[in-house]
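None of the figures in this text is laboratory data; all of them are computed from the coordinates on show. Computed from a predicted model, the values in this text were never measured in an experiment. Using ideal geometry, Cβ is built from the backbone for each residue, glycine included, and neighbour counts are taken over all protein chains shown.
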Amino acid sequence: MKIISKLTIILGFCAASLGAASLGKPANDDSVSPDTGLAILICGVISLILGGLLSKKEETAAGATEESASKLDFVPLLEEIRVEIHELANSLDKLSAEDLTQRIDSLLKRQYFDLTARHEELASLLGFSKYAEIWDGVASAERLLSRAWSMATDGYLEEALQEIPRARTHIERACDAMAKS
């Protein structure tokens, strides 16, 4: 379809140029008459307009498809984080301080990094209001995980473990907000 719009624009430009070139010349035996030149010019301009409209329509359709696909790209990232936090919360009684810090460190460096590196893209796709609803839970869970990591490395494992269910609550809120967007 892109080829048709580009071809229409090119042909319209050529026709409009040919028609405009014949307008200022007196009619001879071998040249195009001014009336014919005017008709060619009008056809060329109409072709240019149609080609432009087709091109604009294609861009709008492509933009809508990319936008909906991009929104769907964020759902698995958020879901990976949710699953990992749930697994942490479900294994609290089995975690040592070293295990907890390694798992949180891995989560923050991988899944959280992948999501937060694209936060501006998410904001532009959803609009600030929807983005803020989602990001409130994402950022709160990240802060709680960082806090738990810090407590665990400082030797306060019991207090660190108390932050994980709170982080789970916040990431659940973010996932719910994403599902509603």
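What's the whole-number percent of alpha carbon pairs in the chain lying beyond 26 angstrom?
55 percent
Could you give the length gained by full extension between Phe13 and Ala179, i.e. 0.36 nm per residue of separation minus their alpha carbon distance, to one decimal place?
The span from Phe13 to Ala179 would gain 55.0 nm if fully extended.
Would you mind calculating the gained length between Ser146 and Phe113 on full extension (0.36 nm times residue separation, minus the Cα-Cα distance), in nm to one decimal?
So the extension gain works out to 10.6 nm.
Quickly estimate the mean residue ellipticity at 222 nm for the chain, helices only: each DSSP H run with n ≥ 4 gives -39500 (n - 2.57), and the total goes over all residues, rounded to 500.
-29000 deg cm²/dmol
Can you list the residues of the range 141-181 with backbone N under 18 Å from a point 7 Å past the Cα of Ser129, pointing along Cα to Cβ?
177-181
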